[in-house]
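Notes for the one structure printed next.
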Amino acid sequence: MIAVNETGFLPNAVKLAISDKDGSFYIIDDNERKRLDIGVAVIESGFDETAGSDIYKLDFSGVSEPGIYHIESEDGEKSAVFKVEPHVYKTLKNSLLKFFYFQRCGCELPRKYAGPFERGACHLEAVRMLEEPCHKPEDRSNNEENKDQYAEGEQDKADDSRVFIKKGWHDAGDFGRYSSAGAVAVAHMLYAYELFPEAFKELVNIPESGNGIPDILNECRYELEFLSEMQDEDGGVHHKVTSEVFCDFIMPEDDKSEQILFPVTSMATADFAAVMCVASRVYEEYDPAFARDCMHQAYLAGKWLIGHPENTDFHNPAGCNTGEYTDTCDLDERMWAFAELLRTDYEAKNEGDRSMMAAASQRETRQDRYLAQLYLAFDLYEKEHPHSDGRSADDGFGWQDVSSLAALAVTFDPMNRAGTELRDRMTDMLKDRADAFVAMQEEGCPLAMEKQDFVWGSNMVVSNRADVLILTSLALRHRIELANKGIEASDTLNIKVIELSYHDKSEEDIGLTEDEISAMELDIEVYEEAALNQIHYILGMNAMDTSYVTGFGERAFKNPHNRVTFADNVTRPVPGEVSGGPCTLLADDEIKKTANENTPAQKCYVDHYMSYSTNEVTIYWNSSMLFATAYFDR
């Protein structure tokens, strides 16, 4: 096996492949059809439990000329073909973004924009509301008779309780729409745009292209308008809109099953509050009225959270099997919500009565309450959160734990509203996580994953860890830029986002010694190389020798667990879909045919459309990968 990133490498980046055996290896220039004189350094990296073999890293960083190449061993084994070029990830990045257009619900996808993947409008009917909280089934009823009464009572209520919930993205290989999943996916995309907007200049051919607004924001708005309809008048946000059970493998326009609006949850409400704050900032330049609406809805969601301090953990009612998105702890969601409200609710500081005669309760502003709620959630998170959920380390960048998104909101707040103490705690949390991910890459495969990390959607864990490495690198890079004397704001990367985050405007606070700057620059290189290694894994440098993104690589997977791909009569899948990847749970019949409890974690994967536990696609896997690839295509 010679496994390599099948999309390719940036010219000046470190370039690695992996093999499961020692020997001599050569670089072949496929354009010139000749072997290069540039050597391949073979580095013994030890036994990798997750790959089930010894690993040898093949370093060919000397190859920097743009071109098309592959690696060959002395016994004739060949790697997949790859490119070296300055914007090697541009097409990948744009396809990862265009994926979201193909996930749109409630509209026609005409050939002009969808090509062979054209389809009709879907799920246009009003949805039925479930108004009772969805507690754990065992908590809701002690016997079957009561369960039947519950179901019958809900049906009676629903007859006069139907609403239209328009737009949004199908979450995954099914046609459900989920608030938290959608909020996190949009957040990945909006934060990417906010931090490195120069990565999103290209059009991706969607109906809104060319309207003067970047296509990433055009696409995110389609989901944001769905999310806005999921909010009740009191500010609470409904958990999901799905059918009662998953439909067959049919096209979405052929799915006539009744859609149900499930009850409000604290997790959905907190995620909603946070992402609406981000949206209000990002869209202010393009549509101030929409931005104000987003902020008002975020405020209402924050008010609901303060009035509902308990975690309303969601569980499907009896008879429902669609995605549950349950979360036993909502402290991280509350952290993110109040970090963003504190940063973005510009009117919050003006709410209270600051006169000397006012009582303390009258003087308190929304900003005061947001800060108090943020401290409370973070303190409890550090003490009580079920950290890592069995994984080797937290990443905090996915739907079940959004703590790194909270840290992002605080760290990159230009006004440092959370204060230096809290900001430093959060940036330290990011750096601690990044350092742990770097350490994981030292032996075996250059991959920040251990056996227990190969959960359902393990490729999300891989890309989330890349994103945290990138965030930590960005924080250090901006700190150095601000320390340089006489720097102009226009010379730095989106400097207005972070201008005041790292100092108190005094020269001695900004200053860094040359040794400190050198150490930070070295850390940046280490974090960025580690982040690229995570990307290399997803694009083919793995024990399966497979690219986990459709259409990218000669050995890319082709059979996603996606109802549309199965039913659309197109012989190839939509390009730019990220597979969930290896999963040691062995949770479906297809993976059980090829793997067992002794199978190495990286090899618990099968490219089959019915392997929902290893080969499904979903929006927040794509958005996480989009964040990482966009950073390296700035």
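Observations on the structure shown:
- The test for being at negative phi, crowded, with 24+ Cβ neighbours inside 10 Å and at pLDDT 95 or above does not hold for ALA199.
- Test: residue in region 478-487 that is at pLDDT below 50 and either surrounded by fewer than 18 Cβ atoms within 10 Å (Cβ to Cβ) or assigned to a helix (DSSP H, G or I) (or both): yes
- Residues of region 256-285 that are surrounded by fewer than 18 Cβ atoms within 10 Å (Cβ to Cβ) and within 30 Å of ARG119 (Cα to Cα): LYS256, SER257, GLU258.
- Selection status of ALA409, surrounded by 19 or more Cβ atoms within 10 Å (Cβ to Cβ) and either without any contact (Cβ under 8 Å) to a residue 60 or more places away in the chain or under 17 Å from ALA273 (Cβ atoms) (or both): yes
- Within region 576-634, the set of residues being among the small types (Gly, Ala, Ser), more than 23 Å from SER53 (Cα to Cα) and either out of contact with any Phe, Trp or Tyr (no Cβ under 7 Å at 6 or more places or on another chain) or open to solvent by 30 Å² or more (accessible area, probe 1.4 Å) (or both) comprises ALA587, SER611, SER623, ALA628.
- Being of a type outside the set (D, E, K, R), modelled with pLDDT under 75 and on the phi > 0 side of the Ramachandran plot is a property that holds for ASN494.
- Pairing each residue of region 177-193 that is buried (at least 24 other Cβ atoms within 10 Å of the Cβ) with any residue that is among the basic types (Lys, Arg), provided the two are 6+ apart or on different chains, yields C-beta distances under 7 Å for ARG177/LYS240; TYR178/LYS240; SER179/LYS240.
- Test: residue in region 30-47 that is surrounded by 15 or more Cβ atoms within 10 Å (Cβ to Cβ) and out of contact with any strand residue (DSSP E or B) (no Cβ under 7 Å at 6 or more places or on another chain): no
- Among the strands (runs of 3 or more DSSP E) confined to region 1-81, there are none with at least 2 residues that are closer than 19 Å to SER547 by Cα and of a type in the set (Lys, Arg).
- Of all residues making up region 365-404, the number that are assigned to a helix (DSSP H, G or I) and within 19 Å of GLY457 (Cα to Cα): 6
- Within region 1-29, considering residues that are polar (S, T, N, Q) and open to solvent by 30 Å² or more (accessible area, probe 1.4 Å), the one nearest to GLU528 (Cα to Cα): ASN12
- Meets criteria (modelled with pLDDT of 90 or more and surrounded by 13 or more Cβ atoms within 10 Å (Cβ to Cβ)) for HIS503: no
- Pairs, first part of a helix (DSSP H, G or I) in region 334-349, second among the hydroxyl-bearing types (Ser, Thr, Tyr) and at pLDDT below 95, C-beta under 6 Å, six or more apart: ALA348/THR365; LYS349/THR365
The values are calculated or read from the model by the stated rules, or taken from the named source; none is laboratory data. Given the structure is predicted, the values throughout are model-derived calculations rather than measurements. FYI the Cβ positions are ideal-geometry reconstructions off the backbone, even for glycines, and counts take in every protein chain you see. Note: accessible area is taken over every heavy atom of the protein model, side chains too, but ligands, DNA and RNA are not part of it. Shrake-Rupley method; radii C 1.70, N 1.55, O 1.52, S 1.80 Å.
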